[in-house]
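Below: the structure, in structure tokens.
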Amino acid sequence: MSADLNIFVTEETLDSDADGPLSGKTVAVKDNISTEGLRTTCGSAMLDDYVPPYDATVVERLKNAGATIVGKANMDEFGMGSTTETSAFGATKNPVDPERVPGGSSGGSAAAVAAGEADLALGTDTGGSVRNPAAFCGVVGIKPTYGLVSRYGLVAYANSLEQIGPFAPTVEEAAELLDVIAGPDANDATTHDEGADSDYASAADGDVDGLTIGVPTELVEGADDRVVETFEAALSDLEAQGAETTEVSLESVGHAVQAYYVIAMSEASSNLARFDGVRYGKSGGYDGNWNESFARAREEGFGAEVKRRVLLGTYALSAGYHDKYYKKAQDARAWVAQDFDAAFEEVDVLASPTMPVLPPKLGESLDDPLQLYLTDANTVPVNLANLPAISVPAGEAEGLPVGLQLIGPKFGEETIVRAASAVEN
Amino acid sequence: MSDTSVDADEVRHVATLARVDLDDDEVEEFTAQFADILTYFDALDEVPEVDTETELVNVMRPDEVHEGLSQEEALSNAAESEDGFFKGPKVS
């Protein structure tokens with residue numbers, strides 16, 4: 001069963017001798033997180049034989065906590081995609097319905113937990129890549145506040161946006177895994193003292209009495225009716241438990257997808273410049289000059305979506321276009337952050353459907369990249385504003401999982417964990 | 001159809017800047033897709049200028065030698081190396 005779903009790029013077990021909170025737990029690790037001595041491909045032909053000489057900080061912390069790593073989970077190439085179909089190792093199938101995508105880019109990680117191939121998993125979220133597959137596979141996924149979790153050893157796609165985050169069957173277990181990986185790291189200067197000695201797991205007490213939940217109208221309006229119906233039923237359930245809901249407006253989010261893609265592509269074009277086939281990765285050979293060799297390595301090693309984003313990012317940063325695209329995108333990013341700050345003066349958390357659509361069928365979404373980018377509308381604002389968010393199963397529509405997203409203020413992980421645990425009641 | 005027009009030569013130029021070889025089919029496909037995507041990005045023109053007050057903190061550590069990868073480890077993924085160095089293609 002699991003082999004058919006194509007969950008792992010590399011299925012190998014790394015045991016830990018340590019005794020800790022994750023002893024006896026199995027964890028799947030997304031294949032863009034470095035594991036010493038264990039192949040780490042980023043879902044790309046470019047790195048199909050790359051073996052990291054060191055562990056990412058989060059992998060070190062998993063091992064110290066006693067976890068058993070059971071494999072490297074499939075993903076969209078370099079995290080660029082929302083369906084796990086851009087992987088050079090083939091698409092992962094959704095365990096809930098194998099004709100459908102598991103979401104992405106951390107689709108293998110979410111599917112591993114949904115299929116019971118691992119108790120827990122790590123993914124990465126640059127514009128929704130943990131929350132999207134959590135929603136589509138019917139599991140819990142957390143995108144931490146920027147700086148809560150070390151990115152040391154994560155192969156970078158868009159540094160200013162991405163965070164490593166946990167997947168689990170329940171909110172409490174996801175929070176437990178977050179407690180293990182969170183906290184400052186001397187090897188990542190963007191990490192923060194928040195998260196040292198955290199205890200997010202004990203916040204999963206389901207107590208939402210008196211909690212105020214804002215619902216941004218802009219993040220509900222465009223969604224599929226069946227998704228909205230399930231979302232609203234979950235909200236009513238929270239109200240029945242004593243929470244208060246109120247509509248809020250985030251005017252800026254209408255520009256979030258554009259801003260996100262301009263910034264992510266620009267950062268990608270710079271980050272992926274390192275793949276020249278000399279120090280690691282597919283070699284372009286030694287014929288001709290270095291420019292020709294590098295361009296050959298990259299033609300051969302990168303798939304279509306990666307080329308598309310690297311080229312568009314190069315375009316957005318090139319002479320004459322920088323102010324039009326990149327600078328305006330930074331303005332939009334600041335605008336989105338201000339909008340969220342204003343909303344959190346009125347409410348404790350914000351709620352929306354995680355994804356505006358139900359999981360699409362395999363092969364349905366690849367022909368039109370722009371249409372696929374638009375399905376990230378509800379997740380990317382969170383990354384632009386550096387905020388924490390969680391996706392928790394809200395119920396089903398036509399037998400398919402629907403995720404509810406809860407967004408908190410910076411380092412408000414306890415609040416979103418508490419609110420999400422009430423959704424499970 | 002679109003406000004922002006991109007032609008095949010521009011796609012080839014950007015591909016050269018990014019050091020990515022493209023075949024003719026890819027150029028054709030990207031030319032059409034880039035027009036759509038860049039037209040969509042044009043909505044950023046409507047974004048107001050935003051004043052940001054970012055608090056910046058110096059996070060640099062003292063410049064001290066720490067343990068790092070060994071030469072052997074650093075070279076372990078290189079396609080070719082010579083005398084303990086990476087071997088790259090000719091510069092020109």
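Enumerate by residue number the chymotrypsin sites (Phe, Trp or Tyr not before Pro) in the range A:65-167 meeting two conditions: DSSP loop (anything except H, G, I, E, B), and at most 10 other Cβ atoms within 10 Å of the site's Cβ.
Working: sites: A:F78, A:F89, A:F136, A:Y146, A:Y152, A:Y157, A:F167; in loops: A:F89, A:Y146, A:Y152, A:Y157.
Sparse-neighbourhood loop chymotrypsin sites (Phe, Trp or Tyr not before Pro): none present.
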From phi via Karplus (6.51, -1.76, 1.60), per-residue ³J(HN,Hα) for the range A:275-287 in Hz, x at Gly/Pro: 8, 10, x, 9, 7, 6, x, 4, 7, x, x, 10, 7
Share, in percent, of DSSP beta bridges within the range A:117-273 that are antiparallel, nearest 5: 65
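How large is the charge dipole for chain A, taken about the Cα centre, if only the Cβ atoms of Lys, Arg (+1) and Asp, Glu (-1) carry charge, to the nearest 20 debye?
With Lys and Arg at +1 and Asp and Glu at -1, about 1760 debye.
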Residues with amide H under 5 Å from that of A:G403, placed H, sequence gap 5 or more: A:T354, A:M355, A:A394
Accessible-area composition of the protein assembly as shown, carbon plus sulfur, in percent [1.4 Å probe]: 44
Loss of accessible area when A meets B, both sides summed, Å² nearest 100, probe 1.4 Å: 4600
Phi-based couplings in Hz for the range B:40-55 (Karplus 6.51, -1.76, 1.60; Gly and Pro marked x): 4, 5, 4, 4, 5, 4, 7, 6, x, 5, 10, 7, 10, 10, 8, 7
In Å, descending, principal axis extents of the Cα set of the range B:1-71: 56, 44, 14
Built amide H within the under 5 Å cut-off of A:R100, gap 5+: A:N94, A:L362
Percent RCO, i.e. relative contact order, over chain A, from Cα pairs under 8 Å lying at least 6 residues apart: 19
Cα lying deepest toward the dipole's positive end in the protein assembly as shown, options A:L38, A:S129, A:A268, charges on Cβ: A:L38
Test item: Cα-centred dipole of the range A:1-104, Lys/Arg +1 and Asp/Glu -1 on Cβ, debye: 240
Beta bridges per DSSP with both ends in the protein assembly as shown, % antiparallel, nearest 5: 65
31 Å tail of the calculated P(r), the protein assembly as shown, as % of Cα pairs: 43
Listed residues A:G285, A:S318, A:F302: farthest to the positive end of the dipole of the range A:253-334 (Cβ charges): A:S318
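The values are calculated or read from the model by the stated rules, or taken from the named source; none is laboratory data. What you see is a predicted model, and the numbers here were worked out from it, not measured in a lab. Neighbour counts are summed over all protein chains in view; Cβ atoms, including those assigned to glycine, are modelled from backbone coordinates with ideal geometry. Areas reflect the complete protein model, heavy atoms only, side chains present, ligands, DNA and RNA absent. Shrake-Rupley method; radii C 1.70, N 1.55, O 1.52, S 1.80 Å.
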